[in-house]
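Trainee: Pasting a structure below so you can have a look.
The values are calculated or read from the model by the stated rules, or taken from the named source; none is laboratory data. Keep in mind that what you see is a predicted model, and the values were worked out from it rather than measured. Quick reminder, even Gly has a Cβ in these numbers, built from the backbone with ideal geometry, and neighbours come from all protein chains shown.
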Amino acid sequence: MKQWLLPKSSLPKLADTIRQTHRLYAPVRLPDQVAFGEIGEGDPFTLDYANARTSVKTLFFPQAETMLRYERSLDRYNDISATPVDSVPTVVLGMRPCDARGLELLDRVFGQGQYHDPYYLARRQATVVVALACAAPRQTCFCHAVGGDPYSGDGGDVLLSESDEAYVAVAQTTKGQEWLASLGLSEADAGHLATAETIAEAAHEKLVKMAPAAGLEDKLTALFESEVWGEIAEKCIACGTCTYLCPGCHCFNIQDRVLANGGIRLRSWDGCMYEGFTVHTSGHNPRPDQGARWRQRVLHKFAYLPENVGMYGCVGCGRCITYCPVRLDIREVIARLRIETAAQLQGEQ
Amino acid sequence: MSSLPTEIQQQIADWLSTGEIDLFIGWEQGSVPLGATPAFVRDPQDVSRLIWDATCENNLTAYLAKFKGQKVGIMVKGCDARAIIGLMQEGQWTRENLRIVGVSCPGVVDARKVASALGITLEELDQAEIVDDTVVVGDQSFALADTIHDMCQTCNRRNPNIEDVHLGETLPETPVDDPFGHVGEMEALSSDERWARFQAETSRCNLCFACRNACPLCYCTVCFADRTQPQWLTTTSEAEDVQFFQIMRTFHLAGRCVGCGACTRACPQGVNLRLFLDKLRLDAQEVFGYTAGVDPEAQPPLRTYRQDDPNDTFL
């Protein structure tokens with residue numbers, strides 16, 4: 001696999017080149033956050049950032065989208081007039097490996113099995129994902145504990161690695177290979193490659209030590225009836241911030257917005273943290289308290305998804321930890337559950 | 001981060017071991033910089049986990065609704081205490097079921113301000129600690145007073161007005177010249193300009209409901225926003241849903257909001273919710289001479305009628 005050199009000084013020119021054929025999203029530094037924005041001519045963007053507050057999933061799986069429109073007229077009732085699908089050629093530049101792994105997860109959920117999601121997949125297929133490896137993992141980063149890595153290429157088409165005033169760019173997919181070849185870059189020289197290697201080593205040293213989640217999936221379902229969930233969830237205020245910021249969360253609602261002459265079928269984000277998530281029309285709620293809802297969150301991410309699609313539903317990006325209004329830390333939840341599974345095992349012996 | 005004084009720890013432990021309370025709600029150290037986390041203590045031995053310092057920003061009274069009818073102990077700052085009175089005014093809690101540790105608060109630190117002062121985002125604030133009256137981040141330090149939330153800087157209720165025991169020294173209640181000064185910004189605008197300001201501020205809202213869930217006075221068992229028959233809003237982040245929710249929540253709190261600021265601190269998107277809620281608090285004062293959360297016997301204005309109620313606010 002060729003290793004190309006992308007000088008940092010050439011980024012604005014790269015943006016212009018990309019914009020000739022593609023829509024471009026890149027990180028933009030705002031007063032109080034970094035957010036992925038659409039880059040127009042001369043718009044500033046940066047690859048010198050920790051992570052965006054909102055995960056990049058919003059570009060592929062927006063908070064609300066129209067699935068179809070329908071019209072009603074005298075002789076035609078509820079005639080579906082359009083099924084909007086976004087397949088505008090796009091480049092997303094500079095997302096972190098955790099976010100790219102989030103896309104890998106969504107690819108499996110929305111693209112495997114019996115039902116495929118045309119809205120998500122159209123955007124995904126039309127997009128070149130250029131991920132940026134993490135030279136400086138943060139205190140809240142734990143991708144390495146959930147099957148990821150600050151230098152993982154999963155989910156991306158290209159991976160950029162920090163070097164001396166430049167990035168080393170390596171394709172991760174055929175799409176990435178073709179895209180890189182079209183840019184007219186030079187191949188990376190030995191000096192830049194060596195610097196990139198040194199930076200990568202230092203980055204791995206910075207990772208906060210945390211026991212890998214591996215193996216947890218086999219033990220968690222045994223805790224289904226445990227009271228530990230109620231204790232874990234007691235301070236949760238069910239606001240859904242964790243769900244909305246999570247690169248892996250993907251539950252949604254479908255409903256119709258009905259107007260006099262037609263309407264739209266709307267898909268919008270839902271969250272298992274909300275009380276109404278599982279409430280039945282009878283009024284019965286099989287997950288009646290926040291403990292049951294937290295149990296669902298953990299089991300979905302750490303037991304069911306590994307079983308169903310072969311990877312955790314958590315990519316270790318740390319957003320939920322930083323932005324939870326009551327600072328409920330999923331790492332502490334996992335640590336607590338480890339203690340509980342060990343205790344349960346002991347109790348059975 | 002400091003543990004509670006021994007006598008306070010002993011008092012809480014006594015309340016628990018004698019069964020005067022089943023549960024004490026306080027704060028303990030969190031896992032991210034400058035953020036304590038709520039603690040639910042039932043065993044007297046766990047009282048040593050509890051802390052009090054300028055990272056204790058959550059209004060714990062928002063949890064009281066979950067324990068309605070039980071005997072609960074709780075730690076409250078001056079602003080939080082007003083919510084207890086607000087809940088008593090609305091018949092949600094009785095005094096005898098509460099044991100209250102009141103703490104005089106000079107303000108709680110806003111981690112975003114610290115990040116901003118360093119030119120970084122919250123994700124990039126890896127470490128920070130409070131040492132006496134300063135916030136120390138590596139080799140940089142800031143005066144704590146400069147990093148407290150905006151709402152704390154205009155606080156005129158630093159000491160709780162309801163408590164059983166008091167932690168620490170009572171702070172002087174320095175009269176604040178213009179506690180509603182920030183509202184003046186809205187009042188100076190024309191009607192169209194106010195609407196534009198409201199639209200701009202709430203455009204950052206993505207309807208996560210952190211504000212509602214952190215609010216001690218939002219205790220409806222089924223919120224209007226969650227109703228499906230009829231359905232009042234969908235959960236998109238489009239203006240029509242966001243604005244409807246924000247307007248309705250704000251007006252549902254008219255004459256009831258105690259101004260604790262928990263909503264604004266909870267918001268992950270940094271929406272300045274106080275701007276609208278404090279306007280209504282100011283209105284309640286000016287129109288009805290009423291402040292929520294002060295006198296448990298006082299009647300909320302939208303629930304009562306007086307013959308001499310001013311009529312000029314009605315169309």
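Trainee: Scan the range B:266-315 residue by residue and report those that are small (Gly, Ala, Ser) and without any contact (Cβ under 8 Å) to a residue 24 or more places away in the chain.
Mentor: Once the filter is applied, which keeps residues that are small (Gly, Ala, Ser) and without any contact (Cβ under 8 Å) to a residue 24 or more places away in the chain, the range B:266-315 yields only B:289.
Trainee: Surrounded by fewer than 18 Cβ atoms within 10 Å (Cβ to Cβ), closer than 28 Å to residue A:323 by Cβ, more than 18 Å from the chain's Cα centre (by Cα) and more than 14 Å from chain A (Cβ to nearest Cβ), is that true of residue B:3? Spell out how you get there, then give the answer.
Mentor: Working: surrounded by fewer than 18 Cβ atoms within 10 Å (Cβ to Cβ): yes; closer than 28 Å to residue A:323 by Cβ: yes; more than 18 Å from the chain's Cα centre (by Cα): yes; more than 14 Å from chain A (Cβ to nearest Cβ): yes.
Yes, satisfied.
Trainee: Ok, one more. I'd like to know if the range B:198-205 contains one or more residues that are within 12 Å of another protein chain (Cβ to nearest Cβ), assigned to a loop (DSSP other than H, G, I, E, B) and modelled with pLDDT of 90 or more. Reasoning before the result, please.
Mentor: Start the filter on the range B:198-205 by keeping residues that are within 12 Å of another protein chain (Cβ to nearest Cβ), which leaves B:204-205.
Among the residues that remain, those that are also assigned to a loop (DSSP other than H, G, I, E, B) are: B:204-205.
Filter again for modelled with pLDDT of 90 or more, leaving B:204-205.
Within the range B:198-205 (the criterion being within 12 Å of another protein chain (Cβ to nearest Cβ), assigned to a loop (DSSP other than H, G, I, E, B) and modelled with pLDDT of 90 or more), the answer is yes, since at least one residue qualifies.
Trainee: Of everything in the range A:118-170, what is farther than 27 Å from residue B:125 by Cβ, in a loop (DSSP other than H, G, I, E, B) and touching a Phe, Trp or Tyr at 6+ places or on another chain (Cβ under 7 Å)? Give them in sequence order.
Mentor: A:157
Trainee: Same structure again: Quick check on the range A:277-288. Is at least one of its residues assigned to a strand (DSSP E or B), surrounded by fewer than 19 Cβ atoms within 10 Å (Cβ to Cβ) and either assigned by TED's automatic domain parsing to the domain that holds residue A:101 or among the β-branched types (Val, Ile, Thr) (or both)?
Mentor: no
Trainee: Now, a different point. If you go through the range B:45-70, how many residues are within 11 Å of chain A (Cβ to nearest Cβ) and among the charged types (D, E, K, R)?
Mentor: Total satisfying the criteria: 2.
Trainee: Filter the range A:309-323 for residues that are in contact with a helix residue (DSSP H, G or I) (Cβ under 6 Å, 6 or more places away or on another chain) and within 14 Å of another protein chain (Cβ to nearest Cβ) and give the result.
Mentor: A:316, A:317, A:319, A:320, A:322, A:323
Trainee: Turning to a different aspect of this structure: One residue is enough: does the range B:18-36 have a residue meeting the conditions assigned to a helix (DSSP H, G or I) and either modelled with pLDDT of 95 or more or within 14 Å of another protein chain (Cβ to nearest Cβ) (or both)?
Mentor: Within the range B:18-36, none of the residues are assigned to a helix (DSSP H, G or I) and either modelled with pLDDT of 95 or more or within 14 Å of another protein chain (Cβ to nearest Cβ) (or both).
Trainee: Is it the case, given these coordinates, that residue A:326 is of a type in the set (A, V, I, L, M, F, W, C), in contact with a helix residue (DSSP H, G or I) (Cβ under 9 Å, 6 or more places away or on another chain) and within 14 Å of chain B (Cβ to nearest Cβ)? Walk me through how you get there before you give the answer.
Mentor: Numbers: of a type in the set (A, V, I, L, M, F, W, C): yes; in contact with a helix residue (DSSP H, G or I) (Cβ under 9 Å, 6 or more places away or on another chain): yes; within 14 Å of chain B (Cβ to nearest Cβ): yes.
So residue A:326 passes the test.
Trainee: Kindly indicate whether residue A:201 is touching a residue at least 12 places away in the same chain (Cβ under 8 Å), of a type outside the set (S, T, N, Q) and surrounded by fewer than 13 Cβ atoms within 10 Å (Cβ to Cβ).
Mentor: Taking the combined requirement at face value, the residue does not satisfy it.
Trainee: Here are some residues: A:246, A:236, A:242. Which one is buried (at least 19 other Cβ atoms within 10 Å of the Cβ), farther than 25 Å from residue A:309 by Cβ and not charged (D, E, K, R)? Quick ask: steps written out before the conclusion?
Mentor: Numbers: A:246 fails: farther than 25 Å from residue A:309 by Cβ; A:242 fails: farther than 25 Å from residue A:309 by Cβ.
Of the residues listed, the single one that is buried (at least 19 other Cβ atoms within 10 Å of the Cβ), farther than 25 Å from residue A:309 by Cβ and not charged (D, E, K, R) is A:236.
Trainee: Any residue in the range B:236-257 that is touching a Phe, Trp or Tyr at 6+ places or on another chain (Cβ under 7 Å), within 10 Å of another protein chain (Cβ to nearest Cβ) and in a loop (DSSP other than H, G, I, E, B)?
Mentor: no
Trainee: If you don't mind, another one. Pick out, from the range A:1-101, the strands (runs of 3 or more DSSP E) lying fully within it that include 3 or more residues that are under 21 Å from the mean Cα position of the chain (by Cα) and over 16 Å from residue A:126 (Cβ atoms).
Mentor: A:23-29, A:34-38
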